[in-house]
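Below: the structure, in structure tokens.
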Amino acid sequence: MSSPTPDALLGPADIRELAAALGVRPTKQRGQNFVIDANTVRRIVRTAEVRPDDVVVEVGPGLGSLTLALLEVADRVTAVEIDEVLAAALPATIAARMPERADRFALVHTDAMHVTELPGPPPTALVANLPYNVAVPVLLHMLATFPSIERTLVMVQSEVADRLAAAPGSKVYGVPSVKANWYAEVKRAGAIGRNVFWPAPNVDSGLVSLTRRTEPIRTTASQREVFAVIDAAFAQRRKTLRAALAGWAGSAAAAEAALVAAGVSPQARGEALTVEEFAAVAEHKEAAAGPARAAAHHKESE
């Protein structure tokens, strides 16, 4: 494999030049902040532990800063871009700056939330600078849709990074933390300053590393059933689980029965539970419904 030319990556002047030529003004609506620092994209690729045999999927490649750095190392890269102008321009940028790797690149012009398949071999890694406003739904959708993704490294708003990597009992532990943990071991993997972006965002960014679980969570409940419990538990996070899960279970008594059967205190709150405990509660929904109904009926007849 011939090594890419040293100036193949995009610098600040290249980014501004490309944007001007395309008439691109980064939009807040799409959460666009382009990385203008070659050292930063190389650091992201290193932190993601991208290997020469990896098939990488990138969401929101923008003008191609990270795409080029990924192509330097990975076997192939597929980029998913929603913006029409950016999607049309990216293949030409790759061909101009890294012609020897252009056949290793594919572009899918669509909304990442609607992606159900990708061209070429199944992706082994997801590496992306995710638009801040859709980071969590996109991440969860990609992990759910492509079980072949073993390693993920995403750059997100620092606050979102904290939430994704939070452990039970933490103040910021919530729906993103538990759902991400359903798929993967999650940890913070570094911080990124504001000055490496154009335009500079008014928030700091963080890297989050997700390593797919080799063994899925052991449960007879489906992902959908487990996620329904997680959503219900955090919809009213200040309430005890007995109260918060009443709607989900059909009544507070049924919620209590499911919690007790799962070995979880009905007085606990969602932020105290691990993903395994949420799965156990989901498993006991039906089992608890019978005794709870019987108890309610018994009370009525007294």
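The values are calculated or read from the model by the stated rules, or taken from the named source; none is laboratory data. Source: prediction; values computed, not measured. Cβ atoms come from the backbone with ideal geometry, glycine included; neighbour counts cover every protein chain shown. Note: accessible area is taken over every heavy atom of the protein model, side chains too, but ligands, DNA and RNA are not part of it. Shrake-Rupley method; radii C 1.70, N 1.55, O 1.52, S 1.80 Å.
Does any residue of region 179-190 turn out to be in contact with a Pro (Cβ under 8 Å, 6 or more places away or on another chain) and either modelled with pLDDT of 95 or more or polar (S, T, N, Q) (or both)?
Restricting attention to region 179-190, the residues satisfying the condition of being in contact with a Pro (Cβ under 8 Å, 6 or more places away or on another chain) are none.
Checked region 179-190: no residue is in contact with a Pro (Cβ under 8 Å, 6 or more places away or on another chain) and either modelled with pLDDT of 95 or more or polar (S, T, N, Q) (or both).
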* Structure fact -> Exception for residue 220 within (1) in contact with a helix residue (DSSP H, G or I) (Cβ under 6 Å, 6 or more places away or on another chain); (2) among the hydroxyl-bearing types (Ser, Thr, Tyr); (3) open to solvent by less than 70 Å² (accessible area, probe 1.4 Å) falls at (3)
* Residue count, region 166-179 (criterion: within 11 Å of the chain's Cα centre (by Cα) and not hydroxyl-bearing (Ser, Thr, Tyr)) -> 2
* Asked: residue 209: open to solvent by less than 40 Å² (accessible area, probe 1.4 Å) and touching a strand residue (DSSP E or B) at 6+ places or on another chain (Cβ under 9 Å), yes or no?
  -> yes
* Single match in 147, 91 (criterion: surrounded by fewer than 23 Cβ atoms within 10 Å (Cβ to Cβ), free of Cβ contacts under 8 Å to residues at least 24 places away in the same chain and either out of contact with any Lys or Arg (no Cβ under 6 Å at 6 or more places or on another chain) or among the acidic types (Asp, Glu) (or both)) -> 91
* Structure fact -> Of the residues in region 122-162, those that are among the small types (Gly, Ala, Ser) and touching a strand residue (DSSP E or B) at 6+ places or on another chain (Cβ under 9 Å) come to 125, 128, 135, 148, 158, 161
* Structure fact -> When (1) β-branched (Val, Ile, Thr); (2) more than 25 Å from residue 33 (Cα to Cα); (3) at pLDDT below 95 are applied to residue 134, the one that fails is (2)
* Tell me, please, whether a residue that is in contact with a helix residue (DSSP H, G or I) (Cβ under 8 Å, 6 or more places away or on another chain), in a loop (DSSP other than H, G, I, E, B), hydrophobic (A, V, I, L, M, F, W, C) and under 13 Å from residue 79 (Cα atoms) can be found in region 120-127. => no
* Asked: Of the residues that sit in region 223-272 and are over 20 Å from residue 170 (Cβ atoms) and among the charged types (D, E, K, R), which one is surrounded by the most Cβ atoms within 10 Å (Cβ to Cβ)?
  -> 256
* If we scan region 209-223, do we find a residue that is in contact with a Ser or Thr (Cβ under 6 Å, 6 or more places away or on another chain) and either on the phi > 0 side of the Ramachandran plot or outside any helix (DSSP H, G or I) (or both)? -> yes
